[in-house]
Amino acid sequence: MREKVVVFTGAGVSAESGLGTFRDAGGLWHEHSVYDVATPEAFARNPELVLSFYNERRSKAAAAEPNAGHRAIAELEQGFDVVVVTQNVDDLHERAGSSRVIHLHGKLREARGSDHPEAVRDIGAEPINLGDLCERGSQLRPNVVWFGEEIHHVDAAVREIRAADRLLVVGTSLSVYPAAGLLGDAWNAREKVIVTLDLDDPPRGYEWRRGKSAELLPGLVAEWLAFPPG
Ligand code: APR
(Lines give C-alpha, C1' and ligand atoms only; values in the text may rest on other atoms or scores of the structure.)
Protein backbone atom coordinates (compact mmCIF):
# COMPACT_ATOMS: atom_id res chain seq x y z
CA MET A 1 0.00 0.00 0.00
CA ARG A 2 1.59 3.30 -1.03
CA GLU A 3 1.71 5.92 1.67
CA LYS A 4 -0.37 9.03 1.11
CA VAL A 5 1.50 12.32 0.90
CA VAL A 6 -0.21 15.72 0.85
CA VAL A 7 1.97 18.56 -0.40
CA PHE A 8 0.53 21.88 0.73
CA THR A 9 2.06 24.78 -1.22
CA GLY A 10 2.07 28.55 -1.35
CA ALA A 11 3.64 31.30 -3.45
CA GLY A 12 7.19 30.45 -2.32
CA VAL A 13 7.22 27.29 -4.44
CA SER A 14 6.79 29.46 -7.56
CA ALA A 15 9.27 32.16 -6.48
CA GLU A 16 12.17 30.52 -8.33
CA SER A 17 10.02 30.45 -11.45
CA GLY A 18 10.06 34.23 -11.27
CA LEU A 19 6.52 34.68 -9.91
CA GLY A 20 6.15 37.12 -7.01
CA THR A 21 5.12 36.07 -3.54
CA PHE A 22 2.75 38.24 -1.52
CA ARG A 23 4.28 39.12 1.80
CA ASP A 24 8.00 39.05 1.14
CA ALA A 25 9.81 42.33 0.55
CA GLY A 26 8.76 43.54 -2.89
CA GLY A 27 5.87 41.09 -2.88
CA LEU A 28 2.55 41.66 -4.57
CA TRP A 29 0.88 43.04 -1.43
CA HIS A 30 3.63 45.60 -1.12
CA GLU A 31 3.00 46.81 -4.69
CA HIS A 32 -0.80 46.75 -4.54
CA SER A 33 -3.35 47.01 -1.77
CA VAL A 34 -5.45 43.88 -1.41
CA TYR A 35 -8.43 46.23 -1.09
CA ASP A 36 -7.79 47.68 -4.53
CA VAL A 37 -7.28 44.47 -6.49
CA ALA A 38 -8.37 41.34 -4.57
CA THR A 39 -11.85 41.85 -3.09
CA PRO A 40 -15.36 41.77 -4.62
CA GLU A 41 -15.75 45.43 -3.55
CA ALA A 42 -12.61 46.35 -5.49
CA PHE A 43 -14.03 44.66 -8.59
CA ALA A 44 -17.34 46.50 -8.22
CA ARG A 45 -15.54 49.82 -7.67
CA ASN A 46 -12.87 49.58 -10.38
CA PRO A 47 -13.19 46.45 -12.55
CA GLU A 48 -10.58 47.61 -15.06
CA LEU A 49 -7.89 47.87 -12.35
CA VAL A 50 -8.73 44.40 -11.01
CA LEU A 51 -8.89 42.84 -14.49
CA SER A 52 -5.53 44.38 -15.45
CA PHE A 53 -3.89 43.17 -12.19
CA TYR A 54 -4.91 39.59 -12.97
CA ASN A 55 -4.24 39.91 -16.71
CA GLU A 56 -0.64 40.83 -15.87
CA ARG A 57 -0.30 37.94 -13.39
CA ARG A 58 -1.90 35.52 -15.89
CA SER A 59 0.52 36.38 -18.69
CA LYS A 60 3.50 36.19 -16.29
CA ALA A 61 2.36 32.79 -15.01
CA ALA A 62 1.90 31.50 -18.58
CA ALA A 63 5.43 32.68 -19.48
CA ALA A 64 6.97 31.10 -16.36
CA GLU A 65 8.40 27.60 -16.25
CA PRO A 66 8.05 25.06 -13.44
CA ASN A 67 11.20 24.93 -11.29
CA ALA A 68 13.12 22.06 -9.68
CA GLY A 69 10.84 22.28 -6.66
CA HIS A 70 7.68 21.72 -8.73
CA ARG A 71 9.41 18.87 -10.57
CA ALA A 72 10.55 17.20 -7.34
CA ILE A 73 6.98 17.31 -6.02
CA ALA A 74 5.79 15.64 -9.24
CA GLU A 75 8.51 12.96 -8.89
CA LEU A 76 7.14 12.01 -5.46
CA GLU A 77 4.36 10.22 -7.37
CA GLN A 78 6.87 7.51 -8.30
CA GLY A 79 6.74 6.13 -4.75
CA PHE A 80 3.74 7.67 -3.04
CA ASP A 81 0.06 8.44 -3.50
CA VAL A 82 0.41 12.23 -3.80
CA VAL A 83 -2.12 15.07 -3.75
CA VAL A 84 -0.99 18.68 -4.03
CA VAL A 85 -3.22 21.12 -2.13
CA THR A 86 -2.13 24.55 -3.31
CA GLN A 87 -2.99 28.15 -2.46
CA ASN A 88 -1.39 29.15 -5.76
CA VAL A 89 -3.38 30.14 -8.81
CA ASP A 90 -0.63 29.37 -11.35
CA ASP A 91 -0.58 25.97 -13.12
CA LEU A 92 3.11 25.21 -12.59
CA HIS A 93 2.40 22.07 -10.51
CA GLU A 94 0.34 20.62 -13.36
CA ARG A 95 2.92 21.64 -15.95
CA ALA A 96 5.66 19.97 -13.86
CA GLY A 97 3.69 16.70 -14.01
CA SER A 98 1.72 16.59 -10.74
CA SER A 99 -1.43 14.65 -11.61
CA ARG A 100 -3.66 15.58 -8.66
CA VAL A 101 -3.75 19.28 -7.73
CA ILE A 102 -6.44 20.93 -5.61
CA HIS A 103 -6.53 24.74 -6.05
CA LEU A 104 -7.99 26.28 -2.89
CA HIS A 105 -7.79 29.83 -4.25
CA GLY A 106 -8.81 29.19 -7.86
CA LYS A 107 -6.89 29.29 -11.15
CA LEU A 108 -5.52 32.25 -13.11
CA ARG A 109 -6.12 30.48 -16.42
CA GLU A 110 -9.84 30.21 -15.75
CA ALA A 111 -12.50 32.91 -16.09
CA ARG A 112 -16.03 32.79 -14.62
CA GLY A 113 -19.17 34.86 -14.80
CA SER A 114 -19.17 37.54 -12.11
CA ASP A 115 -22.84 36.68 -11.42
CA HIS A 116 -22.48 33.03 -12.52
CA PRO A 117 -19.63 31.27 -10.66
CA GLU A 118 -20.57 27.97 -12.31
CA ALA A 119 -19.98 29.45 -15.80
CA VAL A 120 -16.22 28.71 -15.89
CA ARG A 121 -14.02 28.62 -18.98
CA ASP A 122 -10.29 28.05 -19.59
CA ILE A 123 -8.78 31.17 -21.17
CA GLY A 124 -5.11 30.10 -21.06
CA ALA A 125 -2.97 33.25 -21.05
CA GLU A 126 -5.64 35.49 -22.62
CA PRO A 127 -6.69 38.75 -20.93
CA ILE A 128 -10.19 39.41 -19.62
CA ASN A 129 -11.50 42.80 -20.71
CA LEU A 130 -14.48 44.86 -19.62
CA GLY A 131 -17.39 43.78 -21.81
CA ASP A 132 -16.26 40.13 -22.07
CA LEU A 133 -19.33 38.21 -20.93
CA CYS A 134 -19.83 34.62 -19.82
CA GLU A 135 -22.36 32.43 -21.65
CA ARG A 136 -24.98 33.39 -19.07
CA GLY A 137 -24.44 37.08 -19.84
CA SER A 138 -22.49 38.44 -16.84
CA GLN A 139 -19.10 40.15 -16.97
CA LEU A 140 -16.20 37.69 -16.94
CA ARG A 141 -13.80 37.82 -13.96
CA PRO A 142 -10.83 35.69 -12.92
CA ASN A 143 -11.85 32.35 -11.35
CA VAL A 144 -9.67 33.32 -8.37
CA VAL A 145 -10.87 33.47 -4.74
CA TRP A 146 -10.85 37.05 -3.44
CA PHE A 147 -10.64 38.01 0.22
CA GLY A 148 -14.02 37.49 1.80
CA GLU A 149 -15.04 34.78 -0.68
CA GLU A 150 -15.42 31.05 -0.02
CA ILE A 151 -12.31 29.04 -0.86
CA HIS A 152 -12.69 26.15 -3.30
CA HIS A 153 -12.69 22.35 -2.74
CA VAL A 154 -12.44 22.54 1.07
CA ASP A 155 -14.12 19.15 1.63
CA ALA A 156 -11.77 17.40 -0.79
CA ALA A 157 -8.73 19.14 0.73
CA VAL A 158 -9.72 18.23 4.30
CA ARG A 159 -10.38 14.62 3.25
CA GLU A 160 -6.90 14.34 1.70
CA ILE A 161 -5.13 16.06 4.62
CA ARG A 162 -6.91 13.84 7.18
CA ALA A 163 -5.77 10.73 5.31
CA ALA A 164 -2.17 11.86 4.79
CA ASP A 165 0.61 9.70 6.23
CA ARG A 166 3.11 12.46 5.44
CA LEU A 167 2.60 16.20 5.11
CA LEU A 168 5.02 18.38 3.15
CA VAL A 169 4.34 22.12 3.43
CA VAL A 170 6.22 24.30 0.94
CA GLY A 171 6.67 28.04 0.47
CA THR A 172 3.84 29.50 2.50
CA SER A 173 3.73 31.99 5.37
CA LEU A 174 0.70 30.10 6.75
CA SER A 175 -0.85 33.49 7.39
CA VAL A 176 -4.07 33.23 5.41
CA TYR A 177 -7.14 31.43 6.71
CA PRO A 178 -9.06 29.24 6.24
CA ALA A 179 -6.37 27.70 3.95
CA ALA A 180 -3.64 27.55 6.60
CA GLY A 181 -6.13 26.22 9.13
CA LEU A 182 -6.71 23.09 7.04
CA LEU A 183 -3.36 21.77 8.25
CA GLY A 184 -4.91 21.31 11.69
CA ASP A 185 -6.73 18.35 10.17
CA ALA A 186 -3.49 16.40 9.62
CA TRP A 187 -4.26 14.05 12.52
CA ASN A 188 -2.80 10.98 10.90
CA ALA A 189 0.47 12.31 9.47
CA ARG A 190 3.42 10.65 11.17
CA GLU A 191 5.88 12.91 9.36
CA LYS A 192 5.39 16.65 8.86
CA VAL A 193 8.02 18.77 7.13
CA ILE A 194 7.90 22.44 6.15
CA VAL A 195 10.26 23.86 3.54
CA THR A 196 10.21 27.63 3.47
CA LEU A 197 12.50 30.63 3.89
CA ASP A 198 10.93 32.59 6.74
CA LEU A 199 8.31 31.71 9.29
CA ASP A 200 7.11 34.02 12.06
CA ASP A 201 6.19 31.12 14.28
CA PRO A 202 6.96 27.62 12.98
CA PRO A 203 3.98 25.31 13.52
CA ARG A 204 4.43 22.69 16.25
CA GLY A 205 5.22 19.13 15.24
CA TYR A 206 6.93 20.08 11.97
CA GLU A 207 10.53 19.65 10.94
CA TRP A 208 11.45 23.04 9.37
CA ARG A 209 13.97 22.79 6.57
CA ARG A 210 14.82 26.42 6.05
CA GLY A 211 15.74 27.38 2.49
CA LYS A 212 14.63 27.68 -1.12
CA SER A 213 12.27 24.97 -2.28
CA ALA A 214 13.98 24.54 -5.67
CA GLU A 215 17.21 23.82 -3.76
CA LEU A 216 15.89 21.69 -0.89
CA LEU A 217 13.05 19.67 -2.42
CA PRO A 218 15.08 17.52 -4.85
CA GLY A 219 17.17 16.17 -1.93
CA LEU A 220 14.15 15.68 0.34
CA VAL A 221 12.23 13.82 -2.38
CA ALA A 222 15.25 11.64 -3.14
CA GLU A 223 15.43 10.77 0.57
CA TRP A 224 11.73 9.87 0.69
CA LEU A 225 11.84 7.84 -2.51
CA ALA A 226 14.96 5.96 -1.34
CA PHE A 227 13.12 4.72 1.75
CA PRO A 228 9.45 4.42 0.84
CA PRO A 229 7.42 2.74 3.56
CA GLY A 230 8.08 -0.98 3.99
N1 APR B 1 11.51 28.82 -1.42
C2 APR B 1 10.75 28.51 -0.33
N3 APR B 1 10.00 29.42 0.33
C4 APR B 1 10.03 30.68 -0.14
C5 APR B 1 10.78 31.08 -1.27
C6 APR B 1 11.56 30.07 -1.91
N7 APR B 1 12.31 30.34 -2.98
N8 APR B 1 10.59 32.41 -1.47
C9 APR B 1 9.73 32.82 -0.51
N10 APR B 1 9.41 31.79 0.30
C11 APR B 1 8.49 31.75 1.42
C12 APR B 1 8.48 33.01 2.26
O13 APR B 1 9.47 32.90 3.29
C14 APR B 1 7.07 32.95 2.84
O15 APR B 1 7.05 32.14 4.01
O16 APR B 1 7.19 31.64 0.88
C17 APR B 1 6.25 32.25 1.76
C18 APR B 1 5.39 33.20 0.95
O19 APR B 1 4.40 33.68 1.81
P20 APR B 1 3.24 34.58 1.20
O21 APR B 1 3.86 35.63 0.32
O22 APR B 1 2.38 34.98 2.34
O23 APR B 1 2.45 33.60 0.24
P24 APR B 1 1.34 32.53 0.65
O25 APR B 1 1.65 31.93 1.97
O26 APR B 1 1.21 31.61 -0.51
O27 APR B 1 0.00 33.43 0.76
C28 APR B 1 -1.21 32.72 0.96
O29 APR B 1 -2.39 34.80 0.67
O30 APR B 1 -2.85 36.76 -0.38
C31 APR B 1 -3.22 35.46 -0.28
O32 APR B 1 -4.32 34.34 -1.99
C33 APR B 1 -3.06 34.74 -1.59
O34 APR B 1 -2.68 32.37 -1.87
C35 APR B 1 -2.19 33.54 -1.24
C36 APR B 1 -2.32 33.45 0.26
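The values are calculated or read from the model by the stated rules, or taken from the named source; none is laboratory data. Just so you know, these numbers come straight off a predicted model, no measurement behind them. Using ideal geometry, Cβ is built from the backbone for each residue, glycine included, and neighbour counts are taken over all protein chains shown. Accessible surface is based on the protein model in full, side chains and every heavy atom, while ligands, DNA and RNA are left aside. Shrake-Rupley method; radii C 1.70, N 1.55, O 1.52, S 1.80 Å.
Over every Cα atom in the stretch 94-143, the radius of gyration and the widest Cα-Cα span, Dmax, amount to 12.0, 35 Å. Pairwise Cα distances in the chain exceed 31 Å in 21 percent of cases. Extension gain for Phe147-Tyr177 works out to 9.8 nm (0.36 nm per residue, less the C-alpha to C-alpha distance). Straightening the chain between Glu48 and Gln78 buys 6.4 nm, computed as 0.36 nm per residue apart minus the Cα-Cα spacing. Once the Cα atoms are used to define both axes, helix 47-63 deviates from the longest principal axis of the chain by about 40 degrees. D by Stokes-Einstein for the stretch 1-98, Kirkwood Rh over Cα pairs, 20 °C, 1.002 mPa s: 144 µm²/s.
Between the exposed loop cleavage positions of the chain, defined as chymotrypsin sites (Phe, Trp or Tyr not before Pro) in a non-H, G, I, E, B DSSP state with at most 15 neighbouring beta-carbon atoms within 10 angstrom, the longest gap is 1-146. Excluding same-chain neighbours fewer than eight residues apart, the lysines reachable from Lys107 by a Cα-Cα span under 22 Å are Lys60. Between the stretch 1-41 and the stretch 43-115, the alpha-carbon centres lie 10 Å apart. Computed across the stretch 168-230, the Kirkwood hydrodynamic radius from all distinct Cα-Cα pairs reaches 12.7 Å. Taking the DSSP bridge list for the chain and keeping only pairs wholly inside it, about 30 percent are antiparallel. Contact order, relative form, for the chain: 24 percent (alpha carbon pairs under 8 Å, 6 or more residues apart, mean separation divided by residue count).
Heavy-atom accessible area for Thr21, with the other protein chains in place and a 1.4 Å probe, reaches approximately 20 Å². Overall dimensions of the stretch 49-135, expressed as equivalent-ellipsoid semi-axes from the Cα gyration tensor (√(5λ), whole Å, largest first), are 28, 15, 9.
Order the following by accessible area, largest value first: Arg166, Arg57. Probe radius 1.4 Å; ligands, DNA and RNA are ignored. Write out the running numbers ahead of the final one.
On the way: Arg166 10, Arg57 45 Å².
Listed by decreasing accessible area, they come as Arg57, Arg166.
With N as its number of residues, the stretch 49-88 has a Cα radius of gyration that, divided by 2.2 N^0.38 Å, comes to 1.60. For the stretch 144-230, the set of GluC sites (Glu not before Pro) satisfying both a DSSP loop assignment and a count of at most 11 other C-beta atoms within 10 Å is given as Glu150. Computed extension gain for Arg204 through Phe227, at 0.36 nm per residue and net of the alpha carbon distance, reaches 5.8 nm. A quarter of the convex hull surface defined by the alpha-carbon atoms of the stretch 129-221 gives 8.7 nm² as the mean projection. Volume per residue for the stretch 115-168 equals 136 cubic angstrom (convex hull of Cα atoms).
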